[in-house]
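Structure record follows, encoded as structure tokens.
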């Protein structure tokens, strides 16, 4: 059988392949296969082959050929990144938003002029990429130039992004001209005090990620096979979320995975909250919770929730819980295994969304009580979206997402109880995010079909 497009999603625990055909005329999602990601075996192609074989079995065919192969991946882990800005709550925070949306793990953040101890720390981390920011446009210049000069002198031979005061562009180019660093100069991440501009930086980080991703065992072979983009999986989900936002409005996407739980929101602050919020948040925001995963980081959730609570929720004694923890699988099979993953997913979802969202805070002074808002306002979200293996395959996936509004303690800026739940029934959101780079209209059509919003 021959098809137009095969999309591989190579995750930390599971590799999924999705098949699409008639892309130019009547686009169709043909089928899906999955296998266990095989990073530990030294070659991710083993898991990819297993997923393609599973696809063939599901389609009841002996083999499959394709015109194009594109991919998303988080198998190599994120880029190690350091960020150096002027004021933490402004420039550095904005840079952090851009990095998290593009497959980077921030290992070190500094604010103000770099010290000798900071330079030693950067060398110890051995980052894959460095981001320099600082100063609104036509504002303070010296700190970003000082930091640029010190980083240039280190000559680490890695990509450096400058995303600070626009007035420094020519000086920064001169500082890095004789170094082995590849310099990217982009628009300021914080051009004005009340304005975030993270997309130019995010795009560069995604490009560097694609070059970095080949370092996962076996990924160099996939890079040779792929005819189009390789995107970081979380970045692809964000692309799909933004595409969907343009069609249906404010939304929150939750992706509970084996190693992390990613939350993506595309929504504006409500008029009420915008009047009392301390610092603006980007309309499109992503957070990654590296301690909340239902396989690789399962024990973190067990510790966070507590074994007694889990025994009560699962109706197990101490030995029963110990047994299911000891024999936890990448893909649950039995009813008890599925229920265990559901409980883990419930806690991962609510914890991750609360970390992602903002909250109200009451301050008391001589004039009485004053209420302020901090963080991302999610009260205007109309749609809660579930994607990823857990929230598209578990029996109670819809109920898990409905627990988000119910978890509000009265001060959380969470979606309201009338929010609509949508499930990525075909589990193709990440695939459609990378597909949208070349076929945006096709990707949107297939997205709406996966969510049951179009027949």
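Where a number appears in this text, it was derived from the coordinates with a stated rule and is not lab data. Small disclaimer: the values here were computed from a predicted structure and weren't measured. Because the Cβ atoms are built from the backbone with ideal geometry, glycine has one as well, and the counts that use them run over all protein chains shown.
Only Cα pairs under 8 Å and 6+ residues apart enter the sum, and on that basis the relative contact order of region 79-210 stands at 28 percent. When both bridge partners sit in the chain, DSSP labels roughly 45% of those beta bridges antiparallel. Which of the three applies to region 79-210, rounded, prolate or oblate, going by the alpha-carbon gyration tensor with a ≥ b ≥ c and a/c under 1.5 meaning rounded? Judged from the Cα gyration tensor, region 79-210 comes out rounded (a/c under 1.5).
At a Förster distance of 35 Å, what's the computed FRET efficiency of residue 371 paired with residue 105, Cβ-Cβ distance as r, to 0.05? Present the calculation step by step, with values, prior to reporting the outcome.
Details: r = 35 Å, r/R0 = 0.99.
Approximately 0.50, to the nearest 0.05.
Calculated from the alpha-carbon coordinates, region 380-455 shows an Rg and a Dmax of 14.0, 43 Å respectively.
Look at the Cα gyration tensor of region 140-213: its axes a ≥ b ≥ c give a/c of at least 1.5 with a/b at or below b/c, and that counts as oblate.
Over region 279-333, what portion of Cα pair distances is larger than 20 Å, expressed as a whole percent? Every Cα pair in region 279-333 considered, those over 20 Å come to 38 percent.
Along its principal axes, region 232-450 has C-alpha extents of 56, 54, 28 angstrom, given from the largest down.
In the chain, helical runs assigned H by DSSP with n ≥ 4 each contribute -39500 (n - 2.57); averaged across all residues and rounded to the nearest 500, the mean residue ellipticity at 222 nm is -11500 deg cm²/dmol. Extending 7 Å from the Cα toward the beta-carbon at both residue 65 and residue 337 defines two label points whose distance is 3.7 nm.
Using Cα pairs closer than 8 Å and at least 6 residues apart in sequence, work out the relative contact order for region 305-417, in percent.
Working: 116 pairs, mean separation 28.7, N = 113.
Taking the mean separation of contacting Cα pairs over the length of region 305-417, I get 25 percent.
The mean sequence distance of close C-alpha pairs (under 8 Å, at least 6 residues apart), as a share of the length of the chain, puts its relative contact order at 14 percent.
Projecting label points 7 angstrom from Cα along Cα→Cβ for residue 155 and residue 170 puts them 2.6 nm apart. In region 79-210, the DSSP beta bridges split such that about 5 percent are antiparallel, to the nearest 5. Each principal axis of the Cα cloud of the chain was taken in turn, and the coordinate range along them, longest first, works out to 64, 59, 48 Å. Taking label positions 7 Å along the Cα-Cβ direction at both residue 22 and residue 119, the computed distance is 6.4 nm, reported to one decimal.
Between rounded, prolate and oblate, where does region 43-149 land on the alpha carbon gyration tensor, with a ≥ b ≥ c its root eigenvalues, rounded for a/c under 1.5, else prolate if a/b exceeds b/c? Don't skip to the end; give the middle numbers.
Details: a/c = 4.52, a/b = 2.88, b/c = 1.57.
Prolate shape, in that a/c is at least 1.5 and a/b is the bigger ratio.
Report the gain in length on full extension from residue 194 to residue 314: 0.36 nm times residue separation, minus Cα-Cα distance, nm rounded to one decimal.
Details: separation 120, 0.36 × 120 = 43.20 nm, distance 4.73 nm.
38.5 nm is the gain from fully extending residue 194 to residue 314.
Volume per residue of the convex hull around the Cα atoms, evaluated for region 326-431, comes out as 126 Å³.
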